[in-house]
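The values are calculated or read from the model by the stated rules, or taken from the named source; none is laboratory data. Keep in mind that what you see is a predicted model, and the values were worked out from it rather than measured. A quick note on method: Cβ atoms are made from the backbone with ideal geometry, for glycine too, and the neighbour counts reach across all protein chains shown. Ligands, DNA and RNA are excluded from the accessible area calculation, which covers all protein heavy atoms including side chains. Shrake-Rupley method; radii C 1.70, N 1.55, O 1.52, S 1.80 Å.
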Amino acid sequence: MGSSAGDGRADGLLVTGYVRSAHGLGGFVRVESVSGEYGHIAALTEAVLRFPRSGGAVKTYRIEAMDASASSALVKFVGVDGPDRARELAGAEILVPRDMACPLAEGEHYVDDLCQCVLVHEGTPVATVIGVVEGGTGDLLEVALTEGSVPDQSANKTRLVPLQEEFVGKIDTAAKTVELKHRWILE
């Protein structure tokens, strides 16, 4: 893992999964993959866990044992030897270097690469992507509106934009821009 994990930060790491719950008496935890794939998780020998409930504290754990299949993973971290210790890890994000994350298919992007992209409509910046939310029919870009981009935005300065080709055009993560096809969706 990078040195960034050792100094209490998680710079340059991507969320690849979540610790959901303790499993059994031996200190195993049930892990959910962000991508729904588990091959890249099965290849890990260590991982950085970030604890949102503890202000985002991070700690690197070596992996002692793993039981991963095509649809789930049970992980045993070194030093986590019982259900009480395993429960303490519930809710943690599993962070890995980019080269250890799930490979992307054509047209896919890591959430970290989308965040802070500028949402542009006909060449004009209208919002900034601040997150990606899972929706019922697909992912949604959570965007913070640019001042004056939408009339009467006094109450709510954020919007959700479906991450679907009828609403979102070209995504250029190198230039940090995302094309918005229809401005009305921000109203």
Classify the chain: rounded, prolate or oblate, from the alpha-carbon gyration tensor (a ≥ b ≥ c, eigenvalue square roots; a/c under 1.5 rounded; otherwise prolate if a/b is larger than b/c)? prolate
Mind listing the long-range amide H neighbours of LEU163? Cut-off is under 5 Å, sequence gap 5 or more, other chains count too, H placed in the peptide plane at 1.01 Å from N. ASP139, LEU140, LEU141
Based on the alpha-carbon gyration tensor of region 5-100 and its eigenvalue square roots a ≥ b ≥ c, which shape applies: rounded if a/c is under 1.5, prolate if not and a/b is larger than b/c, or oblate? oblate
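Only Cα pairs under 8 Å and at least 6 apart count here; give the relative contact order of region 43-187 as a rounded whole percent. Let's see the in-between values first.
On the way: 216 pairs, mean separation 23.0, N = 145.
Dividing the mean separation by the residue count of region 43-187 yields 16 percent.
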I want to check the label-to-label distance for ALA175 and ALA43. Put each point 7 Å from Cα in the C-beta direction and report it in nm to one decimal. 3.2 nm
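At 1.4 Å probe radius, can you tell me the per residue accessible area of the chain in Å²? Kindly include the intermediate steps, with their values, before the conclusion.
Values: 10140 Å² over 187 residues.
The answer is 54 Å² per residue.
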Taking θ as phi - 60°, what are the ³J(HN,Hα) couplings along region 106-119 by the Karplus curve (6.51, -1.76, 1.60), each to the nearest whole Hz, with x for Gly and Pro? 3, x, 8, 9, 6, 4, 4, 6, 7, 4, 6, 6, 8, 7
Of all accessible surface on the chain at a 1.4 Å probe, what whole percent is carbon and sulfur? 50 percent
Provide the per-residue ³J(HN,Hα) series for region 52-66, in order, calculated from phi with Karplus coefficients 6.51, -1.76, 1.60 and θ = phi - 60°, each as a whole number of Hz, with x at glycine and proline positions. x, 6, 10, x, x, 4, 10, 8, 8, 10, 7, 9, 8, 8, 8
Counting only C-alpha contacts under 8 Å and six or more residues apart, can you give the relative contact order of region 1-125 as a whole percent? 33 percent
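For ARG20 and THR124 in the same chain, what is the full-extension length gain: residue separation times 0.36 nm, less their Cα-Cα distance, in nm? Numbers along the way, then the final one.
Working: separation 104, 0.36 × 104 = 37.44 nm, distance 4.13 nm.
Contour length minus the Cα-Cα distance gives 33.3 nm.
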